[in-house]
Amino acid sequence: MTTLTAAGEEIIPLTFGGLAYEGRIVHRPGARLAPVVLVGGAFQTKDGWGRVEQGFLADATVITMDLPGGGDADRLPPECGFDFLTGALDHLLRSVAPGPVNVFGASYGSAVAYRWAQLHPEHCARLLLFGTMAQMTEHVRAVLQRTLDLAEQGRHEEFVEQVLDGLVCFEPDAGIARRNVVIRCLTSMLNNMTADELDKYRDNTTRLLDYTGGSEDEPATVPILVATGEYDPLTTPLLSRAAAARCGDAHFTTIKGTDHMAHLERPAEVVDLAVRFFEGRPLTGLDYCGPVEYFGRTGRLAAVAPGRGAGR
């Protein structure tokens, strides 16, 4: 049964493949945009979008979720792949949003969001992938495997340090916005992980390491924007740009002064970029972005917007 919280949002309990999970809707009366669906990363819960959610609520109803394996949902065995998560996402959206939606897939959630848009283009108006890659490099694989090893060995302090090294750029000259605040928040969150949360992290990271992608499939046909932090150490600008080139009809850019945690470091700019894209407005001349590149349906670079600054 759907419940209404004190804040006015709806919580939608669902079951998919025998596993319980939850959707959440915050309605925006008189919304001028199609609903915005937020599909989060490994540490993202349906209640944890903060300023990003508040920014989107100025223009649209917002849908968040704890898919199986995350937040308050049941654990998802690592042998259940991303197609299972895609099915759960579709089950949620068919329950609460019969019309087209705009989708924002971040990090771990970008694979789920992309696959869903690939399978259901009639239901996806536009797709923004933040912090993604087409293929996992050996460096990224080693970083993720190291976190699993440390967690398994109970070396929690080193586990926290390794996770932070993968998400945050520590280069002193990088000029990362709100870096110290973000590091404190992430450190506190990681130090206070419950046993269930740590188990889910291990499951989800193992699933990611086992993921082979869907390169044999036709690219998604919806308009796509791929973005990442200018100094992202995990899904680097180079990796994210390569992902955009494989999408077939995609723009690519970076957010200046951010790393993998751009939604915490410059949330207003992330929302502004997303809303412009969802509205179909030009993405040129944005002070907070690097150059905006467009890859046509051939996968070749079709245009480079002037931008104001360069991404790495």
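List of remarks:
- The modelled label-to-label distance between Glu138 and Glu197, using points 7 Å beyond Cα along the C-beta direction, is 3.5 nm.
- Chain lengthening between Ser188 and Leu209 when straightened (0.36 nm per residue, less Cα-Cα): 5.0 nm
- Placing one equal scatterer on every Cα of the stretch 102-147 and applying the Debye formula, the log10 ratio I(q)/I(0) at q = 0.21, 0.33 Å⁻¹ is -0.70, -1.15.
- Percent of Cα-Cα distances greater than 22 Å, calculated over the stretch 1-124: 27
- Cα shape, the stretch 152-223, gyration tensor, a/c 1.5 rule: oblate
- Ligands, DNA and RNA left out, the accessible area of the chain computed with a 1.4 Å probe is 52% carbon and sulfur.
- Backbone phi angles across the stretch 197-202, fed through the Karplus curve with coefficients 6.51, -1.76 and 1.60 (θ = phi - 60°), yield HN-Hα couplings of 5, 5, 4, 5, 4, 5 Hz in residue order; Gly and Pro are listed as x.
- Sorted peptide list for 63-75, 137-149, criterion being average Cβ within 10 angstrom, highest first: 63-75, 137-149
- Highest mean packing first, where packing is the average number of other Cβ atoms within 10 Å per residue, the peptides 104-110, 15-21, 83-89, 199-205 line up as 104-110, 83-89, 199-205, 15-21.
- The Rg/Rh ratio of the stretch 98-203, with Rg taken over Cα atoms and Rh as the Kirkwood radius over Cα pairs, comes to 1.04.
- For the stretch 1-152, the solvent-accessible area works out to 41 Å² per residue, with a probe of 1.4 Å and every protein chain left in place.
- Net lengthening on full extension, Glu10/Ala31 (0.36 nm per residue, minus Cα-Cα): 5.9 nm
- Heavy-atom accessible surface of the stretch 171-223, averaged per residue, reaches 57 Å², computed with a 1.4 Å probe.
- Once you reduce the stretch 235-294 and the stretch 23-69 to the center of their Cα atoms, the two points are 19 Å from each other.
- As a rough guide to protection, the peptides 52-59, 187-194, 258-265, 129-136 ranked by mean Cβ packing within 10 Å, highest first, stand as 258-265, 129-136, 52-59, 187-194.
The values are calculated or read from the model by the stated rules, or taken from the named source; none is laboratory data. Remember, predicted model here, so these are calculated numbers, not experimental data. Glycine gets a Cβ as well: all are built from the backbone with ideal geometry, and neighbour counts include every protein chain shown. Accessible surface is based on the protein model in full, side chains and every heavy atom, while ligands, DNA and RNA are left aside. Shrake-Rupley method; radii C 1.70, N 1.55, O 1.52, S 1.80 Å.
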